[in-house]
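Peer 1: One structure coming up, written as structure tokens, with questions to follow.
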Amino acid sequence: MTVALVYNVKEEAITHSPRTTNRTTLSSSHPHSQHQSSISTRVPARDFTASHDRSNDLYAEWDTMETVNAVKAALEERHRVVMVEANELAFEKLRTIRPDFVFNMTEGLYGVSREAQIPAMLEMLRIPYLGSDPLTLAVCLDKARTKEILSYHKVPTAAFTVIHTREDVRPGCIGFPAMVKPLHEGSSKGIYNSCVVNDDAELKREALTILETYQEPVLVEGFLPGREFTVAILGNGAEARILPIVEIRFDALPAGVHHIYSYEAKWIWDNADNPLDIFECPANIDPGLRQEIETICKTAFHVLNCRDWARIDVRLDGCGRPNIIEINPLPGILPKIEDNSCFPKAARAAGISYNALINRVLDIALERCGVPAPGKLSRKAYVGPRVYQSTSIAVGEDR
């Protein structure tokens, strides 16, 4: 079977981040390479206790070539893999190649629906793919819309408001302490130690910084003071399985910083050369709390129509009750143990190796789409969302 691996890769200038020890060299013709050429991600930790230059988090959600190649190697254990970079040429490449299936790991760059762009192309081309559909990807990237849907379904999530303009920053719009973050970002992009605010002046400072830096609305949430967990889900429907829960141990962070999994915590203070002992997996929690967390995560997974896999972030409120922070239908999958990537970490705790995880989620997606395993005399060809037409092919024939 021919599987297209569709990906975004970090720019050269920021790929040499503390998260990886391998520097990736890209073509100078790659978009934005000149713009980012002078940016360094290595900033002393002491500089992250207040607002600072955020220009180096532009590609925070994208993968390094090390991760892309690790996924490729895993898929090549069972399939023929073709590589497609998710740039302006992607649609024509996919239309020409017409792979049997697409392993989608693209985050996109432009627009509030950027994570939905490649899946929308694939649906137009009637090529089946891994992961959630364009609507779910777009909704989950909008944190306020996600919280509205969760609230409608009575899934607990922190109180919030959205700031669209400078005029919306006004006293009394939400209680303190509060958490301030960009509305349409992931991978802790835009979330810094200074984003926990305790008064109107701090709220205004952070909100204006986000409005100006990211050119998008600002989500302001009531701050949840309790423990934080991340929950990996694998599968679909009633067969969706929760892997061992990961707890983020804030006592591993530098002294004096806020207990949040910020950009600094994820990408600066925690690095492959000197990883923080910041995760506990399986988390040490009592059965009752575990059941509460699993219940709200499965409910969130289903009401947002997530498919195949997702990672859901949960935090406890002041009464110890779990609340959904964020839903990530495109989970990070950095390959090395020292990368501290939570979905692979949870999989390893469940006895699933990295390569086995990649192939297992692909098998889950193939089954959902009605695509038989390679080597059979017939298969179902994808002709649109959830609509299939049987065709006959020779054993091992590639389309």
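Peer 1: Given the conditions (1) under 30 Å from L208 (Cβ atoms); (2) in contact with a strand residue (DSSP E or B) (Cβ under 8 Å, 6 or more places away or on another chain); (3) among the β-branched types (V, I, T); (4) modelled with pLDDT of 95 or more, and given that I149 satisfies all but one, which numbered condition is not satisfied?
Peer 2: (2)
Peer 1: Another question, then. Does N340 meet the test of being assigned by TED's automatic domain parsing to the domain that holds G235 and more than 15 Å from the chain's Cα centre (by Cα)? Show your work before the answer.
Peer 2: Numbers: assigned by TED's automatic domain parsing to the domain that holds G235: yes; more than 15 Å from the chain's Cα centre (by Cα): no.
No: the conditions fail for N340.
Peer 1: Which condition does L122 not pass, out of (1) assigned to a helix (DSSP H, G or I); (2) within 21 Å of H184 (Cβ to Cβ); (3) of a type in the set (A, V, I, L, M), if it passes all the others?
Peer 2: Here L122 clears every test but (2).
Peer 1: Only one residue in I191, I233 is in the same structural domain as V314 (by TED's automatic domain parsing) and under 21 Å from N323 (Cα atoms), so which one is that? Step through it out loud before you land on a result.
Peer 2: Values: I191 fails: in the same structural domain as V314 (by TED's automatic domain parsing).
None of the others qualify; the one that does is I233.
Peer 1: Still on this model: Given the conditions (1) modelled with pLDDT of 95 or more; (2) outside any loop (DSSP other than H, G, I, E, B), and given that T391 satisfies all but one, which numbered condition is not satisfied?
Peer 2: (1)
Peer 1: Of the residues that sit in the range 225-262 and are under 21 Å from L183 (Cβ atoms) and buried (at least 23 other Cβ atoms within 10 Å of the Cβ), which one is modelled with the lowest pLDDT?
Peer 2: Of all residues in the range 225-262, those under 21 Å from L183 (Cβ atoms) come to 228, 230, 258, 260-262.
When the remaining residues are screened for being buried (at least 23 other Cβ atoms within 10 Å of the Cβ), the result is 230, 260, 262.
Details: T230: 97, I260: 88, S262: 81.
This residue is S262.
Peer 1: Examine the range 238-255 for a residue that is outside the structural domain of A349 (by TED's automatic domain parsing), within 21 Å of the chain's Cα centre (by Cα) and farther than 30 Å from L366 by Cα, and state whether such a residue exists.
Peer 2: Just the residues of the range 238-255 that are outside the structural domain of A349 (by TED's automatic domain parsing), to begin with: none.
Among the residues of the range 238-255, not one is outside the structural domain of A349 (by TED's automatic domain parsing), within 21 Å of the chain's Cα centre (by Cα) and farther than 30 Å from L366 by Cα, which makes the answer no.
Peer 1: Which number in (1) surrounded by fewer than 20 Cβ atoms within 10 Å (Cβ to Cβ); (2) within 21 Å of the chain's Cα centre (by Cα) marks the one condition that R126 misses?
Peer 2: Failing condition for R126: (2).
Peer 1: If only one of T157, T161 is of a type in the set (S, T, Y) and assigned to a loop (DSSP other than H, G, I, E, B), which one is it? It would help to see each step written out before you state the result.
Peer 2: Numbers: T161 fails: assigned to a loop (DSSP other than H, G, I, E, B).
The match here is T157.
Peer 1: Suppose the filter is of a type in the set (D, E), surrounded by fewer than 22 Cβ atoms within 10 Å (Cβ to Cβ), at pLDDT below 95 and assigned by TED's automatic domain parsing to the domain that holds R311; does D273 pass it? Write out each step before concluding.
Peer 2: Values: of a type in the set (D, E): yes; surrounded by fewer than 22 Cβ atoms within 10 Å (Cβ to Cβ): yes; at pLDDT below 95: yes; assigned by TED's automatic domain parsing to the domain that holds R311: yes.
Criteria met by D273.
Peer 1: Being modelled with pLDDT under 95, of a type in the set (A, V, I, L, M) and either buried (at least 16 other Cβ atoms within 10 Å of the Cβ) or not assigned by TED's automatic domain parsing to the domain that holds R241 (or both) is the filter here, so list the residues in the range 344-383 that pass it.
Peer 2: Hits for the range 344-383 are V371, A381.
Peer 1: For E115, all conditions in the list (1) surrounded by fewer than 21 Cβ atoms within 10 Å (Cβ to Cβ); (2) at pLDDT below 95 hold save one; what is the number of the exception?
Peer 2: Checking E115 against (1) surrounded by fewer than 21 Cβ atoms within 10 Å (Cβ to Cβ); (2) at pLDDT below 95, the one that fails is (1).
Peer 1: Could you identify the single residue in V102, V139, V112 that is closer than 28 Å to L334 by Cα and in contact with a strand residue (DSSP E or B) (Cβ under 8 Å, 6 or more places away or on another chain)? Reasoning before the result, please.
Peer 2: On the way: V139 fails: in contact with a strand residue (DSSP E or B) (Cβ under 8 Å, 6 or more places away or on another chain); V112 fails: in contact with a strand residue (DSSP E or B) (Cβ under 8 Å, 6 or more places away or on another chain).
Exactly one of V102, V139, V112 is closer than 28 Å to L334 by Cα and in contact with a strand residue (DSSP E or B) (Cβ under 8 Å, 6 or more places away or on another chain), namely V102.
Peer 1: If you take the residues in the range 276-329 that are among the acidic types (D, E) and part of a loop (DSSP other than H, G, I, E, B), which one is surrounded by the most Cβ atoms within 10 Å (Cβ to Cβ)?
Peer 2: D308
Peer 1: Here are some conditions: (1) of a type outside the set (D, E); (2) in contact with a Gly (Cβ under 7 Å, 6 or more places away or on another chain); (3) closer than 20 Å to G332 by Cβ; (4) in the same structural domain as V71 (by TED's automatic domain parsing). T146 meets all but one. Which one does it not meet?
Peer 2: Condition not satisfied by T146: (2).
The values are calculated or read from the model by the stated rules, or taken from the named source; none is laboratory data. As the structure is a prediction and not an experimental result, all values here were calculated from the model. Here Cβ is always computed from backbone atoms with ideal geometry, including for glycine, and neighbour counts include all displayed protein chains.
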